[in-house]
Structure formats: C-alpha cells, structure tokens
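Colleague: Take this structure, written in structure tokens, and hold onto it; I'll ask about it next.
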Ligand SMILES: CC(=O)N[C@H]1[C@@H](OP(=O)(O)OP(=O)(O)OC[C@H]2O[C@@H](n3ccc(=O)[nH]c3=O)[C@H](O)[C@@H]2O)O[C@H](CO)[C@@H](O)[C@@H]1O
C-alpha cells in the first residue's frame, strides 16, 4: 500500500473529506470491478464520499445500491451497427448525458474519478477530465473497449490485466494490476458445508456450477437443458445461473437436484459449493475463477468484440489451467470433454492447482495504490 494521505483539519486545510466518483456498467463485468475498488477505498478512507454514475435502466442501477452506494443514472446507451430508432436517438442521448455528467461532476467535485468501462463512463470521464480532475481507467479485457480507448489520452493512469495493452493505450500510463475481485471472493467466509446448506444441496453428491456471465448465456442454457439427463447419469446436482432474460424459460427445471437462478448474489457460496464449473469467459469471471482454483470448462461467448472471451480462455488453456469448448463444437465435443474432466480426480486437481497459480488476488489493492498517488497532498 502507498503512503496513506492524511486528511485532517489544519489552518491551511480545513477538514477535507475525500470524494470519489466511480463509473462503469452495462454488465456485471464493468460493475463489480467498480464496487471492489470503492470497497477498498472505503476501507482505507472510511469517511470518504462515493458516488456511482451508471446508465439508466441498466444492471448497475440495481446492483450498486445493493452494494451500499448511491448511484445516478445517465440517459445513454451503446451505438449499434444497424440503423435503428435507438441509434438515431444516440446523438441526443450523448448530448444529454454530457450535460448531466458535467453537472454531477461540478456538484460532487470529486478528487479522483474512476472508470471501469461501459456506456456511462464515457460522458462522465470526459466531463471530469475537462475539469482537470484526475481520471483512472480500469480495463478488464485483453482487448480494450471503445469507451476506454476514447478516454485513454486524457486519463492519468490506466490499470490493465493483460500484457500488450500498449497497442490500445499510451504506454506511459499503463500499470498492470490485474482485475479487481470482490473481497468476499478473495477471502470467502463460508465452507462447502455452509454453501451446501445455503443452496439446499446434498453434501454426498458432486455439484456442477453453471455460469452464463452476468447476463446469462442463451447457448449455454440450451446446452444444459439438453444435458440434464447426462448430468443425472453422473449423479451430479446443479447450480444453474441462467440469467434474468432466460429465467422464465428455465425455472421449470428447478428440482431437488437442479437449483435454477436468474442471478447469484452470493457468488462466494456458489464457488464454495462447486466441484466443477462450466462458465463463460468474461474477464471478471476468469479472474475470479483463478482465485477459486477449481476445474473449469470454459464456453466463451463468440459474440463479443474481437472474440476476446476466446482469448481470455485460451490464455488459461495454454497453461493447462482450464479446458475450453467453442460454442460451435459443443454438440460433438462437450460430453467427451466433460466426462474426461469429471471422471479423473487427478485431472481436476491438476486444473485446480494450475488455475490458482494465475490468480492476482491483490489487484484491487494495487489499483487503489495507484489512485492514492493522484490524491492531493
Ligand atoms: C456478453 C458480454 O459483453 N460480456 C462481457 C462482460 O461480461 P460479464 O458481464 O459476464 O462479466 P464478467 O465475466 O467479467 O464478470 C461477471 C461478474 O458478474 C458476477 N456475477 C455473475 C453472475 C451471477 O449470477 N452473479 C454474479 O455476481 C461475477 O461474479 C463477476 O464479478 O464484461 C466482461 C468484462 O469487461 C467481458 O470480458 C465480457 O466479454
């Protein structure tokens, strides 16, 4: 940790409370890093004030207050590649969100602004940097998102999780920190028994955890639906996170052995209960799964920019730390690959120990050390 900045009253410095704005959202992959950073800042500066800024109608407007922080929403969305009404509204939304963001920044007057990617962080960080407020970007992926690329020139520091990010960002601003992971996942409190009780699972049966990323994954849900009999044949019980969009369709499969969720608020419990995991390969999920250290079969989303989930997963597969099945190969390959992993305890131990070697559990602290360097002295 860097030298802690003292903020106490004196003649020249009337009692000053630190203020931080965090902005990121759209998906859990941008929201949870921001929450992890805020939590670490709050533990170092208990009196500090925090404000989150997100996009109206998106996931952050629900998840951030649940984590105990205030959030304001901007009227903003992404630009789609097609000509749609939503797209034609984009310039209007952008202007409106820039004006609102400017007002928020002026009123809250933060000492540092932190952007973790997603629509809302664009206007917010743009207006903050115009007011010469230091901005920190946190890029989770090996392929930089468009918002962060646009903001990079004005950012003070850019915290990344992968090597080679100088292809997107000015090299002198890059610090490799890893991705922030919530503290309850870095130091889980519950053990497997507590987690089994939490989910109402049978401690004698092995558990498969299925994760579709923060929004859920249609193709993974279809796969799981078609393989319920196959899993039953192995005596497995399931924790199946199918996503808010798909919950109505899949909740009918809920039973003693199959626990179906739209979203898991207690990922710590889910990870503790699991013996084997099938997951999307979003950057946050990958960082968390490294810390968890259990056997993982990745099914990357093929629908993301530059196929970055496949790259995320490949970097682990190359180190014999996980296995991957591409969506297009699920039909011929999934059962074979799953059976190979599930039936070999040695293979599971090897995968679990190799993936754990890649964990960067101090990423959040490292990022906050960087933020501290920008605080007024
Ligand atoms: C479809 C899409 O655009 N995916 C992107 C999105 O993924 P996505 O939003 O799925 O994000 P990640 O995999 O990075 O992280 C998911 C986060 O949500 C949490 N979680 C998930 C499910 C659940 O039930 N409960 C829960 O708490 C996880 O613990 C994790 O903290 O952002 C990532 C990080 O920028 C990208 O790498 C992904 O490609």
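Colleague: Against the definition (within 12 Å of the ligand (Cβ to nearest atom) and crowded, with 17+ Cβ neighbours inside 10 Å), how does residue 297 come out, yes or no?
Modeller: No.
Colleague: Moving to a separate point now. Residue under question is residue 73, and the condition is that it be closer than 22 Å to residue 110 by Cα and buried (at least 20 other Cβ atoms within 10 Å of the Cβ); does it hold?
Modeller: So residue 73 does not fit the description; no.
Colleague: Out of 157, 147, report the one residue that is outside the structural domain of residue 237 (by TED's automatic domain parsing), touching a strand residue (DSSP E or B) at 6+ places or on another chain (Cβ under 6 Å), touching a residue at least 24 places away in the same chain (Cβ under 8 Å) and under 29 Å from residue 43 (Cβ atoms).
Modeller: On inspection, the qualifying residue turns out to be 157.
Colleague: What single numbered condition from (1) part of a helix (DSSP H, G or I); (2) over 17 Å from residue 209 (Cβ atoms); (3) more than 13 Å from the ligand (Cβ to nearest atom) fails to hold for residue 319?
Modeller: For residue 319, the failing item is (1).
Colleague: Can you find a residue in segment 221-241 that is under 15 Å from the mean Cα position of the chain (by Cα) and in contact (Cβ under 8 Å) with a residue 24 or more places away in the chain?
Modeller: Checking segment 221-241: not a single residue is under 15 Å from the mean Cα position of the chain (by Cα) and in contact (Cβ under 8 Å) with a residue 24 or more places away in the chain.
Colleague: For segment 242-249, check the following and say yes or no: at least one residue is buried (at least 16 other Cβ atoms within 10 Å of the Cβ) and within 19 Å of residue 297 (Cα to Cα).
Modeller: yes
Colleague: So which helices (runs of 4 or more DSSP H) stay within segment 42-157 end to end and still have 3 or more residues that are more than 30 Å from residue 316 (Cα to Cα)?
Modeller: Hits in segment 42-157: 60-66, 85-88, 90-108, 121-130.
Colleague: Which numbered condition trips up residue 131, out of (1) at pLDDT 95 or above; (2) surrounded by fewer than 19 Cβ atoms within 10 Å (Cβ to Cβ); (3) over 22 Å from residue 155 (Cα atoms)?
Modeller: Just one mismatch for residue 131, condition (3).
Colleague: Taking residue 254, is it near the ligand (Cβ under 8 Å from one of its atoms) and assigned by TED's automatic domain parsing to the domain that holds residue 222?
Modeller: When the stated conditions are applied, residue 254 does not pass them.
Colleague: Continuing with the same structure: Taking the options 241, 237, name whichever one is under 18 Å from residue 195 (Cβ atoms), near the ligand (Cβ under 9 Å from one of its atoms) and at pLDDT 95 or above.
Modeller: 241
Colleague: Just name the residue that is farthest from the ligand (Cβ to nearest atom) out of those in segment 257-293 that are assigned to a loop (DSSP other than H, G, I, E, B) and surrounded by 21 or more Cβ atoms within 10 Å (Cβ to Cβ).
Modeller: 274
Colleague: If you don't mind, another one. Consider residue 337 against the criteria (1) under 21 Å from residue 206 (Cβ atoms); (2) away from the ligand (no atom under 12 Å from the Cβ); (3) touching a helix residue (DSSP H, G or I) at 6+ places or on another chain (Cβ under 8 Å): it satisfies all of them except one. Which criterion is unmet?
Modeller: (3)
Colleague: Go through segment 59-70 and count every residue that is over 16 Å from the mean Cα position of the chain (by Cα) and buried (at least 21 other Cβ atoms within 10 Å of the Cβ).
Modeller: Counting residues in segment 59-70 that are over 16 Å from the mean Cα position of the chain (by Cα) and buried (at least 21 other Cβ atoms within 10 Å of the Cβ) gives 0.
Colleague: Hey, could you check segment 161-219 for residues that are more than 14 Å from the ligand (Cβ to nearest atom) and in a strand (DSSP E or B) and say which is farthest from residue 25 (Cα to Cα)?
Modeller: This residue is 207.
Colleague: Checking residue 306 against (1) assigned to a helix (DSSP H, G or I); (2) near the ligand (Cβ under 9 Å from one of its atoms); (3) farther than 28 Å from residue 193 by Cβ, which single condition isn't satisfied?
Modeller: (2)
The values are calculated or read from the model by the stated rules, or taken from the named source; none is laboratory data. It should be emphasised that the depicted structure is a prediction, and the values quoted were computed from it without experimental measurement. Reconstructed Cβ throughout: ideal geometry from the backbone, glycine too, with neighbour counts over all protein chains shown.
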